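The values are calculated or read from the model by the stated rules, or taken from the named source; none is laboratory data. What you are looking at is a predicted structure, and each value in this text was computed from that prediction instead of being measured. FYI the Cβ positions are ideal-geometry reconstructions off the backbone, even for glycines, and counts take in every protein chain you see.
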Amino acid sequence: MPELPEVEVVRRGAEHWFVGRTIDRVEVLNPRAIRRHDAGEHDFIGQLVGTMILGAHRRGKYMWFSLDSGAVVIVHLGMSGQVLVHQGNDQPNPHLRIRVSFTDSRDELWFVDQRTFGGMFVDEARSPVTGPDSLRHIAADPLSPDFDLRATVRRMRAKNSPVKAVILDQTVVSGIGNIYADESLWRARLHWQRPASGIPSGRLRELLEHSREVMTEALAQGGTSFDSLYVNVNGSSGYFSRSLAAYGREGEPCLRCGTPLVREQFANRSSFRCPRCQRAARG
């Protein structure tokens, strides 16, 4: 699933290509892509056509377009969603779910999703920047200007769950997924199973600071791409996968101590760690 750096790369591309343009036509080719828009397809299309896109914003793994009507179009990429700029010479895409064309008759916005776990829906927002009420449960992310490090540490310390589960909880801190959780824990030398409540506040601050560092580095490299399911709006892949220290490196030597990394089961997904640097008993 695309995490904060990947979604931010898409947001920046969308801002460049689509902000300031007026929507002329909207086609919904698969109704599952707007299943969260309770009023249905006709209302979804009606709220977009004729409006101008004023901005592209993000909170955690969600992004949204603010419209001059006062509404916002929320986009979640799910597992395989893509927001693409489609130019006339591009090949048709069998996974195209939503097509948006503009009054200037130039390139189009395509929402493509192979698995259709993602989607789009229209909502209202008190402020186009702070976002709609439907996303207020999503906590600030480590790259957000309103991220409160101390308050986040306090929320983490109140949890008895494994620390990895806590930093994956989008109501505690948003934007971190499985890849960057493993990378942050490796940098912090923390075992993913340690209860967050038992970790000193200073160590949790270090963990969050490492998460900010690793996601900033990933953003500079266009995010992490393992296959064609994550690309930016131009269809290009990120290359931070070459810089990963933990995730996906089972059996490879730890970049700190040389010990082969291990892969362990965690909540229907995998966790990667160094058995020497990230021992369960380390404080």
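Report the residue count in segment 130-187 for those that are in contact (Cβ under 8 Å) with a residue 60 or more places away in the chain, among the charged types (D, E, K, R) and in a helix (DSSP H, G or I).
Count: 3.
In the set V100, V75, V153, which member is in contact with a helix residue (DSSP H, G or I) (Cβ under 6 Å, 6 or more places away or on another chain) and buried (at least 18 other Cβ atoms within 10 Å of the Cβ)?
Values: V100 fails: in contact with a helix residue (DSSP H, G or I) (Cβ under 6 Å, 6 or more places away or on another chain); V75 fails: in contact with a helix residue (DSSP H, G or I) (Cβ under 6 Å, 6 or more places away or on another chain).
One residue alone meets the criteria, V153.
Can you tell me which residue within segment 59-88, out of those that are hydroxyl-bearing (S, T, Y) and in contact (Cβ under 8 Å) with a residue 60 or more places away in the chain, is farthest from E15 (Cα to Cα)? Step through it out loud before you land on a result.
Within segment 59-88, the first condition is being hydroxyl-bearing (S, T, Y), and the residues that meet it are 62, 66, 69, 80.
Going one step further and asking which of them are in contact (Cβ under 8 Å) with a residue 60 or more places away in the chain, we end up with 62, 66, 80.
Working: Y62: 14, S66: 11, S80: 20 Å.
Looking at the filtered set, the residue picked out is S80.
Consider I45 carefully, then state whether it is at pLDDT 95 or above, over 18 Å from the mean Cα position of the chain (by Cα), surrounded by fewer than 23 Cβ atoms within 10 Å (Cβ to Cβ) and in the same structural domain as H16 (by TED's automatic domain parsing).
Numbers: at pLDDT 95 or above: yes; over 18 Å from the mean Cα position of the chain (by Cα): yes; surrounded by fewer than 23 Cβ atoms within 10 Å (Cβ to Cβ): yes; in the same structural domain as H16 (by TED's automatic domain parsing): yes.
Here the answer is yes, as I45 does meet what is asked.
Please name all residue pairs, on different chains or six or more residues apart, with Cβ atoms under 8 Å, provided the first residue is in segment 113-126 and is in contact (Cβ under 8 Å) with a residue 24 or more places away in the chain and the second residue is basic (K, R) and part of a strand (DSSP E or B).
D113/R97; T116/R97; G119/R97
Filter segment 262-283 down to residues that are in the same structural domain as G251 (by TED's automatic domain parsing), among the aliphatic types (A, V, I, L, M) and modelled with pLDDT under 95, then give me how many there are.
The qualifying residues number 1.
H76 versus (1) on the phi > 0 side of the Ramachandran plot; (2) in contact with a strand residue (DSSP E or B) (Cβ under 7 Å, 6 or more places away or on another chain): which is the lone unmet condition?
(1)
Looking at S228, is it small (G, A, S), modelled with pLDDT under 90 and surrounded by fewer than 18 Cβ atoms within 10 Å (Cβ to Cβ)?
yes
Residue by residue through segment 255-277, note down the ones that are touching a residue at least 24 places away in the same chain (Cβ under 8 Å), in a loop (DSSP other than H, G, I, E, B) and out of contact with any Lys or Arg (no Cβ under 6 Å at 6 or more places or on another chain).
Within segment 255-277, A267, C274 qualify.
With the structure loaded, tell me whether V100 is of a type in the set (V, I, T) and modelled with pLDDT of 95 or more or whether it fails that test.
Criteria met by V100.
Does any residue of segment 172-188 turn out to be over 13 Å from the mean Cα position of the chain (by Cα), under 20 Å from Y62 (Cβ atoms) and modelled with pLDDT of 95 or more?
yes
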